[in-house]
Amino acid sequence: MRLKKISLRILLTLISIYILICGGMYFFQEKFIFHPQKLDNNFLFQFQQKYIEKFFTTKDGVKLNALHFKADNPKGLIFYLHGNSGSLKTCANIAKTFTDINYDILMLDYRGFGKSEGSLSSQEQIFSDIQTVYNELKKDYSEKNIIVIGYSIGTGIAAEMATHNNPKLLILQAPYYSLIDMMKREYSYLPTFLLKYKFETNKFITECKMPVVIFHGTNDNVVPYESSLMLKKHFKKLDTLITLKNQDHNNITQNIQYLNSIKSILASN
C-alpha cells in the first residue's frame, strides 16, 4: 500500500510538471517562436542604396516600420516578409539583390521587431497587420506588378495573405509545411492545440490562384527540406519547387543557383 501511495505521488508530480510545461508553452509561446531585435526610434539605418523609411498604422493603432528601396527602372514591387529573428537592420541587406534586377522592394518589421510598436499575441493579429500594409501598397502598385516573397516564418504569413489577394507571384524561401508540423517534430510530447500560431502553409497554397515558387536548401537544419517535398504534393500545375543543393537555412539570396533562378523567374513574369 505504501509503495502504491509513493507511486501515485510521483505520478501526480509528473502530471503537475507536464501541465506546467504545457501552460508555459501556451502563455509564452511568442518567446519560443519569435526572436525580435528591438531598435531605438531614433536609430538610423545605413545602407549603400537609397531608401524611404515608412510607417503603417494597423487597425488598432499600432505603427509598423518598413523600408522601401527603389530601383532605377522598376518593373514592379517585391513585398518581402522576413524570418522570426532580427530586424530590418540586418534583414534589409538583401534589398540590393532585387533592385539590381529592377524591382522595388518593401520590407516590413512585424510588431515588436525593430522600430515597430506593440507585440505579437495571435496569428489573426499578424495576418491583419500584413493585410493592412498590402492594402496600402495596392494604392501605388497594381497587383499584377506585385510579387510576394516570404522567408522562413514569413512563408506561412505570406501564403495566408496571398489567399485573400491576387499578387502576380508568391515565392516561398525555406517554407515549413505548417507550424503544427514543426511542433510535432520539435516538441512531439506536447499537444498541438496549444499552438496559437498554426501558419498552415499546406492549406494556404492550395487556395492561392497565382503561381507559387518554392526555394529550399537540401542542408537546411532549421526547416527540413522534407517540408517542401510535402508541400509539393499540394501544388497546382504552374507551381514549382527549386531545390538548392547543399544550401542551409540562411543566406539563400546569396546562393548562385537562387540568384540565377530568381532573375529568370522575374524576367518571365
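Each value in this text was obtained by applying a stated rule to the coordinates, not by laboratory testing. Since we're looking at a predicted model, the values are computed, not measured. So basically every Cβ, Gly included, is an ideal-geometry build from the backbone, and we count neighbours across all protein chains shown.
Listing for the model above:
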| read-out | value |
| --- | --- |
| Separation of alpha-carbon centers, the stretch 218-240 and the stretch 132-187, rounded to whole Å | 15 Å |
| Top of Gly112, Gly23, Gly76 by mean-square fluctuation, Gaussian network on the chain, Cα under 10 Å | Gly23 |
| Kirkwood hydrodynamic radius over Cα pairs of the stretch 1-74, then Stokes diffusion coefficient at 25 °C and 0.890 mPa s, in µm²/s | 137 µm²/s |
| Hypothetical label at Ser122: residues of the stretch 188-219 whose amide nitrogen lies under 18 Å (7 Å Cα-Cβ projection) | 193-200 |
| Net charge dipole size for the stretch 92-191 [Lys, Arg +1 and Asp, Glu -1 on Cβ; Debye, nearest 20] | 160 debye |
| Placed amide H near His249: partners under 5 Å, 5+ positions off or other chain | Asn221, Val222 |
| Charge dipole magnitude, Cβ of K and R +1, D and E -1 - the chain, Cα centre, debye nearest 20 | 700 debye |
| Least to most buried among Asp220, Asp129 (fewest other Cβ within 10 Å first) | Asp220, Asp129 |
| Label selected from [x] 116; [y] 144; [z] 106, the criterion being volume of the Cα convex hull per residue in Å³ as computed here | [y] |
| Kyte-Doolittle at least 1.0, axis length at least 15 Å by Cα - qualifying DSSP helices, the chain | 2-27 |
| Among Phe204, Phe27, Phe69, residue whose mean-square fluctuation peaks in a GNM of the chain (springs only between Cα atoms under 10 Å) | Phe27 |
| Alpha carbon convex hull of the stretch 1-159, volume per residue in cubic angstrom | 137 Å³ |
